[in-house]
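Take a look at the structure below.
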Amino acid sequence: MKAFIVGSLLATAVSAVPMPAPVPAPPGIPSASTAQSQLAALAVKAYVDDGTYNRDLFPHWTTVSGTCNTRETVLKRDGTNVITNSDCAATSGTWRSPYDGATWTLASDIDIDHMVPLKNAWISGAKSWTTSKRQQFANDLNTPQLWAVTDNVNQAKSDQSPDVWKPPLTSFYCTYAKSWVAVKYAWSLSVTSAEKSALSSMLSTC
């Protein structure tokens, strides 16, 4: 009887331990098999920088709802216990950067990363888009394009593709590659042969 009681108490104690919350992620991350199929369908073209890219060609952080712009919307989506002021600016909260595993409590330490950088998009197809379409891409909340990450990690990435830069956490390679491919597929953007090879290798870690 005592053994039963002790066992019951232990079971109750274990069940009462809170499980860690999953890291929030954008919508639209495909399965590895879907990402592999999407990658195979992408056009392969050389990356030619003709010097015409300008960040202003992609209007970003537009108003999403009320006083909240895209950046503020992602901060609320990807943070925990986020409190905002009347202007929708995050005044407190906790954010875990999936690229490097760092945890932050100041929104100023967080950048919103474009999974597929704007310059990369410009060179791989967005140059021919209208400004309106480029604005939709830069503020895309429907695919895994926007991520709340450590600011200096985002800055280290800059406009580099996965054959040049990968996130510090190797455990995130799978999700990173699936997300990159999903965005390129959704927006009909091309990849280079080196980029495709790197993505295929990263998907093999899934």
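The values are calculated or read from the model by the stated rules, or taken from the named source; none is laboratory data. Computed from a predicted model, the values in this text were never measured in an experiment. Because the Cβ atoms are built from the backbone with ideal geometry, glycine has one as well, and the counts that use them run over all protein chains shown.
Among the conditions (1) closer than 16 Å to Tyr53 by Cβ; (2) surrounded by 23 or more Cβ atoms within 10 Å (Cβ to Cβ), Trp95 misses just one, which is (1).
Residues are listed down the side, and each one gets a yes or a no for (1) in contact with a strand residue (DSSP E or B) (Cβ under 6 Å, 6 or more places away or on another chain); (2) among the β-branched types (Val, Ile, Thr):
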position	(1), (2)
Lys45	no, no
His60	no, no
Asn69	yes, no
Leu75	yes, no
Val82	yes, yes
Asn85	yes, no
Ala90	yes, no
Gly93	yes, no
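Taken over region 148-158, the criterion of being touching a helix residue (DSSP H, G or I) at 6+ places or on another chain (Cβ under 7 Å) and either surrounded by fewer than 21 Cβ atoms within 10 Å (Cβ to Cβ) or aromatic (Phe, Trp, Tyr) (or both) is satisfied by Asp151 alone.
Please pick out the residue among Thr103, Thr62 that is in contact (Cβ under 8 Å) with a residue 24 or more places away in the chain and either within 14 Å of Pro26 (Cβ to Cβ) or over 13 Å from the mean Cα position of the chain (by Cα) (or both). Exactly one residue qualifies, and that residue is Thr62. Has region 159-176 got any residue that is closer than 25 Å to Thr63 by Cα and surrounded by fewer than 23 Cβ atoms within 10 Å (Cβ to Cβ)? Yes: region 159-176 contains one or more residues that are closer than 25 Å to Thr63 by Cα and surrounded by fewer than 23 Cβ atoms within 10 Å (Cβ to Cβ).
Evaluate the following for Tyr53: is it in contact (Cβ under 8 Å) with a residue 60 or more places away in the chain, closer than 22 Å to Phe172 by Cα and among the hydroxyl-bearing types (Ser, Thr, Tyr)? So Tyr53 fails the test. Can you find a residue that is more than 13 Å from the chain's Cα centre (by Cα), buried (at least 17 other Cβ atoms within 10 Å of the Cβ) and closer than 21 Å to Ser65 by Cα anywhere in region 110-124? No, the conditions are met nowhere in region 110-124.
The single condition among (1) part of a strand (DSSP E or B); (2) touching a Lys or Arg at 6+ places or on another chain (Cβ under 7 Å) that Trp61 does not satisfy is (1). Quick one: would you say Lys127 is within 13 Å of the chain's Cα centre (by Cα), at pLDDT 95 or above and either over 19 Å from Pro30 (Cβ atoms) or surrounded by 21 or more Cβ atoms within 10 Å (Cβ to Cβ) (or both)? For Lys127, the condition - within 13 Å of the chain's Cα centre (by Cα), at pLDDT 95 or above and either over 19 Å from Pro30 (Cβ atoms) or surrounded by 21 or more Cβ atoms within 10 Å (Cβ to Cβ) (or both) - is not met.
Tallying residues that are of a type in the set (A, V, I, L, M) and part of a strand (DSSP E or B) within region 75-112 yields 5. Among the residues making up region 178-206, those that are among the hydrophobic types (A, V, I, L, M, F, W, C) and either touching a residue at least 40 places away in the same chain (Cβ under 8 Å) or over 16 Å from Val44 (Cβ atoms) (or both) are Trp180, Val181, Ala182, Val183, Ala186, Trp187, Leu189, Val191, Leu199, Met202, Leu203, Cys206.
Of the set (1) of a type outside the set (A, V, I, L, M, F, W, C); (2) part of a loop (DSSP other than H, G, I, E, B); (3) over 21 Å from Arg77 (Cα atoms); (4) in contact with a Ser or Thr (Cβ under 7 Å, 6 or more places away or on another chain), all apply to Gln160 but (4). Say whether the condition of being part of a loop (DSSP other than H, G, I, E, B), surrounded by 10 or more Cβ atoms within 10 Å (Cβ to Cβ) and at pLDDT 50 or above is met by at least one residue in region 10-22. No, there is no match, as no residue in region 10-22 is part of a loop (DSSP other than H, G, I, E, B), surrounded by 10 or more Cβ atoms within 10 Å (Cβ to Cβ) and at pLDDT 50 or above.
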